[in-house]
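The values are calculated or read from the model by the stated rules, or taken from the named source; none is laboratory data. Quick caveat: nothing in here was measured; it's all calculated off a predicted structure. Virtual Cβ from ideal backbone geometry, glycine too; neighbours counted across all protein chains shown. Please note that ligands, DNA and RNA were not included when accessible areas were found on the heavy atoms of the full protein model with its side chains. Shrake-Rupley method; radii C 1.70, N 1.55, O 1.52, S 1.80 Å.
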Amino acid sequence: MAISVAGGVKPGKIVELEHRLQHLLIVGKSKPTAMAGEIDAQLEVNANKLEIEREAIRARIDKQKRAQALYKAVSTQLITSVNRTIEHQLTSIELVLEHSNLDDKQVLLMEMLYSKQVDLVKIRPLVMALPWLQRDLINMINSPTFRHRRPKSSEVQVTDIKLVLNYIGIENLQALIPFFCLRNLMPSGQPQLLWVTRKLWRFSIISAIAAQALVELHGKDRAFFYSCSLMNQLGNSCVISNCAKLFDSTWGTWLKEASASRDKALYDAVMVTEFPALDVYQQALKHSGLLNWQLLELLDFEQSRLTQAFKSINTSLKYADLNDDAKLLERANCFARVHLLQESGNITAAERRVMYDYYELSEQELIRLNAQNYRKQSLI
């Protein structure tokens, strides 16, 4: 490029590329392959069945002009109703938190794990206060992957959380707990969101791997940046999850009422109304960056290093103005965005160069980043 954009006020081209990735994650129709750590294996079967059923109904509707008009009217009314409720809920940070899976215990756990002195005695009661996390850690320690690390004489199932934490060890917990926390925050349970969740999950993992590579290169705090890179999807996850729950609730009620009315055309019109991904994408652009740090502040973590990094990213006009933590995190995010856009054929070589230039990724960093395996995350 003739003029470098490095570090200055974010150019429109950079914003457009970042929005392009956000659109790909939320609205894009691609079906990414599963990555390690995903849950709800049955969900993929349900998602495919729902899609097949909707396609069959659409084909039938396409042949009937009256059904087409009814579908458009019902779908518009349903989506308008959902969007109105979504807009109201997302303008209240308290409502977003109330309907999310986030609480102060998760944030405190991560803070304790990236502190200079990690104390398992203090960590244990917090893990026990999160039943889903205790279950995930117990399942991990009893899995074939981890069992060979335990004493050879012990083939019994380990269920005592004190033993579980000791077996896993501090360094592994620093990776596993943020990993499981992110998985708990991700939208789940809705077949129509399977592909969105999978793409968000993959972006998070790629960003975390990239952050680890930069940390190793620069001798930074591995535990902190790993947690930070995963939690960077907090706002996105809360927006999408909240929207999905509201859509499911409204859609389910309408479907039930249509079924009770025995009006087949009305039932079909409701059935094929899809999750309003484009509207949710716009909401995510508007709210996700703010929610990343406002949710943490609402939980009384205003001074947290995690909160300060996210707030710096959201409120700084220039890359050069970011604090040091935010700079490394944004370089990892930049690489993850480019990686996914390139994989889907949605970025040119010139655009890639502009992204790397703005976020000041050095040749040495790019060599290290390009050498990583982004298909597999090594947690233990």
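Scanning the range 335-375 for residues that are surrounded by 11 or more Cβ atoms within 10 Å (Cβ to Cβ) and assigned to a loop (DSSP other than H, G, I, E, B) returns Ser344, Asn346, Ile347, Thr348, Tyr359, Glu360, Leu361, Ser362, Gln372, Tyr374, Arg375.
Of the residues that make up the range 192-203, is at least one of a type outside the set (Phe, Trp, Tyr), more than 16 Å from the chain's Cα centre (by Cα) and open to solvent by 10 Å² or more (accessible area, probe 1.4 Å)? Quick ask: steps written out before the conclusion?
Applying the first criterion (of a type outside the set (Phe, Trp, Tyr)) to the range 192-203 yields 192-194, 196-200, 202.
Add one more test, that the residue is more than 16 Å from the chain's Cα centre (by Cα), and what stays is none.
No.
Consider the range 159-174 and keep the residues that are closer than 12 Å to Arg135 by Cα and in a loop (DSSP other than H, G, I, E, B). The one that is most open to solvent (accessible area, probe 1.4 Å) is Thr159.
Residues in the range 286-296 include at least one that is hydrophobic (A, V, I, L, M, F, W, C), modelled with pLDDT of 90 or more and open to solvent by 20 Å² or more (accessible area, probe 1.4 Å). Take Asp321 and tell me if it is surrounded by fewer than 20 Cβ atoms within 10 Å (Cβ to Cβ), among the charged types (D, E, K, R) and either free of Cβ contacts under 8 Å to residues at least 24 places away in the same chain or in contact with a helix residue (DSSP H, G or I) (Cβ under 8 Å, 6 or more places away or on another chain) (or both). Here the answer is yes, as Asp321 does meet what is asked.
For the subset of the range 255-271 comprising residues that are of a type outside the set (A, V, I, L, M) and farther than 19 Å from Arg60 by Cβ, which member is most open to solvent (accessible area, probe 1.4 Å)? I'd like the intermediate steps shown before the answer.
If we filter the range 255-271 for residues that are of a type outside the set (A, V, I, L, M), which is where we start, we get 256-257, 259, 261-264, 267-268.
Subsequent filtering for residues that are farther than 19 Å from Arg60 by Cβ retains 256-257.
Numbers: Lys256: 154, Glu257: 115 Å².
Ranking the qualifying residues of the range 255-271, first place goes to Lys256.
Looking for something modelled with pLDDT of 70 or more, among the aliphatic types (A, V, I, L, M) and under 19 Å from Cys243 (Cβ atoms) - is there at least one such residue anywhere in the range 52-74? No: the range 52-74 contains no residue that is modelled with pLDDT of 70 or more, among the aliphatic types (A, V, I, L, M) and under 19 Å from Cys243 (Cβ atoms). Filtered by the rule that a residue be without any contact (Cβ under 8 Å) to a residue 24 or more places away in the chain and assigned to a loop (DSSP other than H, G, I, E, B), the range 76-128 gives Thr91, Ser92, Ser115, Lys116, Gln117, Asp119.
Among all residues of the range 223-242, there is none that is under 20 Å from Leu25 (Cα atoms), open to solvent by 30 Å² or more (accessible area, probe 1.4 Å), among the aliphatic types (A, V, I, L, M) and part of a helix (DSSP H, G or I).
Listed here are the helices (runs of 4 or more DSSP H) enclosed by the range 257-331 that have at least 2 residues being under 19 Å from Phe224 (Cα atoms): 277-298, 305-315.
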